[in-house]
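The values are calculated or read from the model by the stated rules, or taken from the named source; none is laboratory data. Note that this is a predicted model, so its numbers are computed, not measured. Cβ coordinates were reconstructed from backbone atoms using ideal geometry, including for glycine residues, and neighbour counts include every protein chain displayed.
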Amino acid sequence: MLVRLGERCAALLLLVAALLCAPARSDLFTAQIAYRMADYERAFKDYRELAELGQPVAQYNLAIMYAKGQGVRQSELNAYARSEAVPWFLKAAQRGSPSAQYMVGSSLLFGMGCQCEESKGEVWLRKAAEADQSNAQVSLAAYALRGSPNAANSKLAGVWLERAAATGDHDGMYYLSALLAATAVEELRDPKRALSLLDKVRADVSGNPTAFEIRAAAQAASGAFAEAVGSERRAIAMATKLKWDLAPLNERLAHYESRQPWYGDLLGL
């Protein structure tokens, strides 16, 4: 019995020694701790090791570090870093990460770090948006509203923005307020709700002339032309200090002074 107990103790000691001598392997927790402590070199190394093993969170975080130039040598920054980020975003996207799908979609849509492929970009953005990734939903809405959108595209944008706004997403509520205030599609226009949404993000956009333009458009669409003139004049005063092109703002002001609503794109999409 004592012999068996001695054999077990010896085996246990050998196991402990083996564990103590084994090289430390990266894990997601220590990588995240290193990142939070701004030890980017260690975080980059650990994320890279885990990413190469197929860990989707590590793949996404590694791509983010490439994109931000964190843990990357100065000689590898800018275009190189962005191009290195995309393959890791793609790996994470293929494993189902909505955030990575959004990054891949945006990169393909706008040619950031890769060749521009709009159709593929839309596919990835739609995957992310359907998984309720709010940035993807707002991006798809902005893409639908670019230029001079027809009624179908305006309604499609409204669908995605409604989903983003429903989660409390700031940009979702802001973009939706602009759409509801000034869309040329009458059945989509809802100035009262536009003002309600704008009030929810008021603190974050108080220094933005466009927020007052949205308010002016919604007020004019409701028939409150005096209030619309006041809001538009405030937008112009702010825009003057920022050295914006005032022609579009003055055009809208002229509409309101003539007691006419103005419909169109307030966000410059």
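Before moving on, here are some points about what is shown:
- Qualifying positions in region 28-67 - at pLDDT 80 or above, of a type in the set (Phe, Trp, Tyr) and over 21 Å from SER107 (Cβ atoms): TYR35, TYR40
- Just so you know, in region 68-105 the residues that are modelled with pLDDT of 85 or more and assigned to a loop (DSSP other than H, G, I, E, B) include one that is nearest to ASP39 (Cα to Cα), and it is SER97.
- Qualifying position, being among the hydrophobic types (A, V, I, L, M, F, W, C), at negative phi and touching a Gly at 6+ places or on another chain (Cβ under 7 Å), among ALA136, ALA141: ALA136
- Pairs meeting the criteria (first residue in region 124-139 and under 14 Å from ALA165 (Cα atoms), second residue assigned to a loop (DSSP other than H, G, I, E, B), beta carbons under 9 Å, at least 6 apart or on different chains) are ASP132/THR167; SER134/THR167; SER134/GLY168; SER134/ASP169; ASN135/ASP169; GLN137/THR167; GLN137/ASP169; VAL138/ASP169.
- Matching option when the condition is surrounded by 14 or more Cβ atoms within 10 Å (Cβ to Cβ) and of a type in the set (Gly, Ala, Ser), among SER148, SER119, SER134: SER134
- Scanning region 216-248 for residues that are touching a residue at least 24 places away in the same chain (Cβ under 8 Å) and closer than 19 Å to LEU179 by Cβ turns up ALA216, ALA217, ALA218, GLN219, ALA220, ALA221, SER222, ALA228, GLU232, ALA235.
- Residue, modelled with the lowest pLDDT, within region 119-175, restricted to residues that are part of a loop (DSSP other than H, G, I, E, B) and small (Gly, Ala, Ser): GLY147
- Remark: pairs (first residue in region 188-214, of a type in the set (Phe, Trp, Tyr); second residue surrounded by fewer than 19 Cβ atoms within 10 Å (Cβ to Cβ); Cβ separation under 6 Å; 6+ apart in sequence or on different chains) = PHE212/ARG234.
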